[in-house]
Each structure stands twice: as structure tokens, then as C-alpha cells.
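The values are calculated or read from the model by the stated rules, or taken from the named source; none is laboratory data. Because the structure is a prediction, the values reported are computed rather than measured. All Cβ positions, even for glycine, are placed from backbone atoms using ideal geometry, and neighbour counts span all protein chains on display.
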Amino acid sequence: MNIRDEAVLRELNLYPLWVRRDAPVAAVIAPVAAVPVEEEQAVSVVPSGPVQQSSADSPIASLDWSALKQKVHDCTACKLRAGCTQTVFGVGDEQADWLFVGEGPGADEDARGEPFVGQAGKLLDNMLAAIKLKRGDNVYIANIVKCRPPDNRTPEPDEITTCLPYLQNQIALIKPKLIVALGKTAATSLLGRDATLGSLRGTLHEYQGVPLIVTYHPAYLLRSPAEKAKAWQDLRLALHHISNRVDSSF
């Protein structure tokens, strides 16, 4: 294990990690077969907030990247725009296999116009590095809403409903092989139903034909570092799935 791998695992509260001397580095992050799966059936799921809808139903669906970026830049469709510095469109490889979706911009993101650039962004970068990914290289990062909610509050259902078509079009343009929903707001907005984060983790879901895995938002992990081990399980599940998906395409 090199110094960078050590640093990543320390950041995720997963170091020291004991492996055989002869084990390849890849084995350190290789997924295991027994990733805990929580039973969704045991949770009462009540539809709440935005309902998942086909992006083809939206007039935004026909926009290409250039037109979509301009549309988001000029958007004043909900009250969030009046209280933020700028819209935060998204960043990364526009043909990425991996799409990471968070909740919405915070103060740092609002100032710089890029998602996940503060402390939560640093942790997300370390999470990516833990599975041999990096920002902008086969990875795209976006949020459910494009404007910062006041005081970083959770976006309201009408705000999500108004903004979601932009993300839906981004997904249609990117055509990712896997979506990783970071936090409950991202997960329930994309899946179109209300549920606890615990009930959604550990299971492969689907968003309009795209496999979707749910994990914790990096901002939550900063407040609750003991949960980083569970996030590591989710990342291993994601890596396992996308590796199998890529292998099966040959």
C-alpha cells in the first residue's frame, strides 16, 4: 500500500487495514461477496415529495449540453435563485460511467459555482480515490437542486420538483453506467419515494434503467465519522457492480 492509499483509508477511518504481504493492492479495495443488505420490505414507504417522472416528459429533455447549461444559468423558476450567488450546474466527464448526485450547493459551492468543493468535497474526493477514481476522470458530479437553499436547509418538495428535470436531462446526456446517490434527499428524489437511508443502502436500485446505489452524503460523514465504514461498504458494492457490468459488455 502506498502513502496515498494510506492517507485515503485514514480519512475514511479505515486504517490500519491488515492484509497479507503477498496480496495485491487491488485486493485491499476489492469487493466482498457478503455486503449487508437491509430489507426494504420492513420499512413503510409512503410516497412523498417529487415523484420520479420520465425526463422525456419535460420540455427540457430535448436540450443539448450547451442549451441546458444556459437554461440552468438563466433559471429563476423557484425561490432559491433569489437567495444564491449563482447556479451550480455540475462538473466532470460528460460521458462518465460514474454519476455522483448530492443534495444541493453549500456556501463554498455557491461561491465557486462547482459542486462539492468544501470539506465535504475533500472527503468525496478521498472516497473516489479509495475506489481508484478521481474528479473529472470518468466521473460526473451534480446535485438535485442547482441553487443553494438558505442556511443549507434541505430543499423543499416544490423546489426539487422544479429543478429535477435539469438533472434528468444531465443523466440522459451522460448515460452513466451507475448512479451513486449521496444522502437521503438525492436517493428519495431520484427513486420517487420516501424511505429511510438505512433501508435504501446495500441494495441495487434503478433510475430509469440506470443502476443506482445509495450511500451517505459526505457532509453527514463529517458529522458522524463512525458511519464511514458503512460508506466504505457502499463504495465496494458500487465498484463490484460496475466492474461486473463493464466485464459483461465485452
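Among the residues making up the range 125-152, those that are in contact (Cβ under 8 Å) with a residue 40 or more places away in the chain and touching a strand residue (DSSP E or B) at 6+ places or on another chain (Cβ under 7 Å) are Arg135, Gly136, Asn138, Val139, Tyr140, Ile141, Ala142, Asn143, Ile144. Please go through the range 118-134 and give me each residue that is over 17 Å from Asp234 (Cβ atoms) and either more than 14 Å from the chain's Cα centre (by Cα) or surrounded by fewer than 21 Cβ atoms within 10 Å (Cβ to Cβ) (or both), ordered by number. Gly118, Gln119, Lys122, Lys134 - these are the residues of the range 118-134 that are over 17 Å from Asp234 (Cβ atoms) and either more than 14 Å from the chain's Cα centre (by Cα) or surrounded by fewer than 21 Cβ atoms within 10 Å (Cβ to Cβ) (or both). Under the condition of being modelled with pLDDT under 95, within 22 Å of the chain's Cα centre (by Cα), of a type in the set (A, V, I, L, M, F, W, C) and within 24 Å of Arg153 (Cα to Cα), the residues counted in the range 38-95 number 2.
Restricting attention to the range 216-233, the residues that are assigned to a loop (DSSP other than H, G, I, E, B) and among the hydroxyl-bearing types (Ser, Thr, Tyr) add up to 2. Summed over the range 63-116, residues that are acidic (Asp, Glu), surrounded by fewer than 16 Cβ atoms within 10 Å (Cβ to Cβ) and free of Cβ contacts under 8 Å to residues at least 24 places away in the same chain total 1.
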